[in-house]
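The values are calculated or read from the model by the stated rules, or taken from the named source; none is laboratory data. Computed from a predicted model, the values in this text were never measured in an experiment. Using ideal geometry, Cβ is built from the backbone for each residue, glycine included, and neighbour counts are taken over all protein chains shown.
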């Protein structure tokens, strides 16, 4: 049995120094620093999982908001959590949130429905001095062509939905014109304002797992990193599902798992985007050196794990997922973190993947301990079926012994407050597997981390998995092969180029750094798409109905830039229209899948294929490492019926007015 058997020690073990050592290890220095200088109620020290209520609680399901008669009318209020009531690891946190919760409610719609949402920004208005301070540090970390709004400015994005990106104006005699938004992320909802959204879901929209989150330039990472995200499910018509999938997807068996890397400083707050960057002598969530020196396998940029925070599941630390033996459950998994990769494996179980980024693949891909882990990058979704193994005393003894071989897990499960389980209960780890430096979005090794525990007990259920033939019928686009379509049409192929670059040289890829705007030298970093930092007045025009290939790559600084930055991984995301891309299945074979978010490895050239269907209007493409987006790695796209057509002046003026106010 391989349950909880791991070759990499846990983070808790790493932070235990050797009493016999002649000189303190970096880990011991980190522990010593944290103990001597906790700096607030939420120090960057290992979380004590043995404290009552900190971990090992039953998985919570976010409340669901469902449409009635084809319409979902609801409000979402953006406000701070109450630290007296909202705690992470026994630490009260004051974080920006939807409705005062660490996880937003689940929005459930059907094809053809309309979402009517009032987004109420109840965050306090910042003073000009407060806003200026928010971006003081950024000026030393990035060249901001466009100064963003304040951290308390917000809006809404419906990630992955194929819906209109535009807003429309409602005019009535004697009343001020009103802007009604759809998936429009180019507007800003200021503190004290309410924005109305009407999102019409097409009748032929694929059923699947999507999500929503704020997207105001400059505050996206701060707000999503605070937990401002929620699942958005387009429900299947039960009559179209095979019985096995229908049973696994019903309210009794479905699980929604939202993985969040919730940021908070030693005071339980998050106040500056600069906390994502190292700063000499200042302990931040990203700077290991400030805690007494980097750990042996970490570079100067540090890691999420360096902060000793833990990735949460539905706002919980190491929750318990309960299933019965033989039960099949549909897990809708969403990586809502602002920059964390998650490499999933479930001990002694197979993750039967049936959908990616909200779209059925038409097959079943089996991810288990004999394959690579299932990869979730920021913004990714994966729907998997899990069939709980039967549990018997022999299996329980073996799995429990393996489980107890993990010292931090042993301490957790044997703590005085740990709940007792029946002798026939089996427990399995859901792990974020360790990855090497060149695989990590952080540029440093990622240690293995326990995310949740699957607990199998109770009366057995005799449920079955769908067959390959049944899942083949679930593919919403069975006859669409965009690469083949482009290859057969003859003549030139439309190609859109995307170059993600983080470096010191802004617009001069082949020569010396362009530092004319900064005579004192180049700023530390530039965050660019096609060698330009985000500028809302600069847009790429795309023709409605066209099918094109996008070539995406990442680059670093030219060789002649002193202390240049090498090519780094980035996460490509484009709004409104999904794309087809070839990926490797669990056996290493290529397969064509639909996605809207995609990891681009360092220096890679990746081709994806898309169509601009149904909707005109402006939206964005960007890196979904959200601090990269906020610091300039974003571009406006505009789908038009005629490439010579300008944006209507009235709408441009109204949107500009919204952005100002």
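Of the residues making up region 542-584, those that are part of a loop (DSSP other than H, G, I, E, B), over 19 Å from residue 479 (Cβ atoms), within 23 Å of the chain's Cα centre (by Cα) and at pLDDT 95 or above are 575, 576.
May I ask you to say which residue of 221, 167, 226 is touching a residue at least 60 places away in the same chain (Cβ under 8 Å), over 19 Å from the mean Cα position of the chain (by Cα) and outside the structural domain of residue 632 (by TED's automatic domain parsing)? None of the others qualify; the one that does is 167. Quick check on region 435-442. Is at least one of its residues surrounded by fewer than 18 Cβ atoms within 10 Å (Cβ to Cβ), under 25 Å from the mean Cα position of the chain (by Cα) and at pLDDT 70 or above? So far as region 435-442 goes, no, none of its residues is surrounded by fewer than 18 Cβ atoms within 10 Å (Cβ to Cβ), under 25 Å from the mean Cα position of the chain (by Cα) and at pLDDT 70 or above. Which ones in region 113-144 are outside any strand (DSSP E or B), modelled with pLDDT of 75 or more and in contact with a strand residue (DSSP E or B) (Cβ under 6 Å, 6 or more places away or on another chain)? Selection gives 122, 123.
I'd like the residue in region 322-342 that is in contact with a helix residue (DSSP H, G or I) (Cβ under 8 Å, 6 or more places away or on another chain) and part of a strand (DSSP E or B) and, out of all such residues, is surrounded by the most Cβ atoms within 10 Å (Cβ to Cβ). Taking the candidates together, the pick is 329. For region 191-198, does any single residue satisfy the condition of being in contact with a helix residue (DSSP H, G or I) (Cβ under 6 Å, 6 or more places away or on another chain) and on the phi < 0 side of the Ramachandran plot? No.
Tell me whether region 319-337 contains one or more residues that are closer than 16 Å to residue 448 by Cα and touching a residue at least 12 places away in the same chain (Cβ under 8 Å). For region 319-337, residues closer than 16 Å to residue 448 by Cα and touching a residue at least 12 places away in the same chain (Cβ under 8 Å): absent. Number of residues in region 524-541 that are at pLDDT 85 or above and in contact with a helix residue (DSSP H, G or I) (Cβ under 9 Å, 6 or more places away or on another chain) equals 3.
If you filter region 629-644 down to residues that are surrounded by fewer than 21 Cβ atoms within 10 Å (Cβ to Cβ) and part of a loop (DSSP other than H, G, I, E, B), you find that the one that is modelled with the highest pLDDT is 641. Candidates are the residues of region 343-378 that are touching a helix residue (DSSP H, G or I) at 6+ places or on another chain (Cβ under 9 Å) and in a loop (DSSP other than H, G, I, E, B); the one that is modelled with the highest pLDDT is 378. Would a scan of region 611-619 turn up a residue that is surrounded by 17 or more Cβ atoms within 10 Å (Cβ to Cβ) and within 22 Å of residue 484 (Cβ to Cβ)? Yes; the residues of region 611-619 include at least one that is surrounded by 17 or more Cβ atoms within 10 Å (Cβ to Cβ) and within 22 Å of residue 484 (Cβ to Cβ). Would you confirm whether or not region 511-523 contains a residue that is closer than 22 Å to residue 629 by Cβ and modelled with pLDDT of 95 or more? Looking through region 511-523, none of the residues is closer than 22 Å to residue 629 by Cβ and modelled with pLDDT of 95 or more. Do we have residue 622 as assigned to a strand (DSSP E or B), buried (at least 17 other Cβ atoms within 10 Å of the Cβ) and either in contact (Cβ under 8 Å) with a residue 40 or more places away in the chain or out of contact with any strand residue (DSSP E or B) (no Cβ under 6 Å at 6 or more places or on another chain) (or both) here? Yes; evaluated as a whole, the condition is true for this residue.
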